[in-house]
Amino acid sequence: MRPDLTELWGKICLNDDAQAFERLYYALFNKLIKFSVYYVHQREVAEEIVSEVFVKCWTNRSSLSQIDYPESYLFIAVKNQSLKYRKKYSNIHLVELEDNDFHLVDLADPSKKLERKELHHRLDQAIEMLPMQARIVFRLIKENGLRYKEVAEILSISPRTVQTQLFRAIDKLRQTLKSLPENSKNIKKDGKILSILIILFYFFNYL
């Protein structure tokens, strides 16, 4: 069960609770690393950035008790540090090391394994072709389960812009799925339509 992050934050800031800090760390560490990778493209660098943010939070905990939404605060802090890193090393060619996994509902049919693998690969390609902001919005909602207002606050854009970017991303994926050859590697029309419905159903649950 997901811990109450606001309660943990209060214990950290007001009671110097190291166990609460550890729980917060493990609840958000991987999510924040994936988010940082969107900007810096290297997992090792992202890990350093996220660790540094957590260290600063612990060091300055007594002055952070007024933060009402710790998750959004941490995402924003990681974004700012990631952008600083990009600016500092903007002339260095970065190679993305993070694997981007696009998880759809498992249909529990072994014969569909190859089809799903091919579909996941094509979806990942489509996601990476999106403009950066649309790609980040898509990943934040899909991978981290954040809502429009939370993503808007993290990226300093309006909720309406988040909605627009998300629907553009979904439409791009829909077009990619439609473009798959009917007989290519046994990817059939019914499977493609079902996958589209899965994507749309997933996202509409977060409106």
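The values are calculated or read from the model by the stated rules, or taken from the named source; none is laboratory data. Note that the structure is predicted; figures quoted are calculated from it, not measured. Neighbour counts run over all protein chains shown; Cβ positions are idealised from the backbone, glycine included.
Scan the range 120-142 and report the pairs whose first residue is among the small types (G, A, S) and whose second residue is assigned to a helix (DSSP H, G or I), with Cβ atoms within less than 6 Å and a gap of 6+ or a chain change.
A126/K172; A126/L173; A126/T176; A134/Q165; A134/R168; A134/A169
Considering each of A77, A46, A27 in turn, give the residue that is in contact with a Pro (Cβ under 7 Å, 6 or more places away or on another chain) and closer than 16 Å to N144 by Cβ.
On inspection, the qualifying residue turns out to be A27.
I'd like the full set of residues that are within 12 Å of L74 (Cβ to Cβ) and in contact with a Pro (Cβ under 6 Å, 6 or more places away or on another chain), limited to the range 1-24.
L5, W9
Name, by its number, the condition in (1) within 25 Å of F138 (Cα to Cα); (2) at pLDDT below 90; (3) hydroxyl-bearing (S, T, Y) that does not hold for S111.
Only one criterion in (1) within 25 Å of F138 (Cα to Cα); (2) at pLDDT below 90; (3) hydroxyl-bearing (S, T, Y) is unmet by S111, namely (1).
I need a count of the residues in the range 49-82 that are acidic (D, E) and assigned to a helix (DSSP H, G or I).
Total meeting the criteria: 2.
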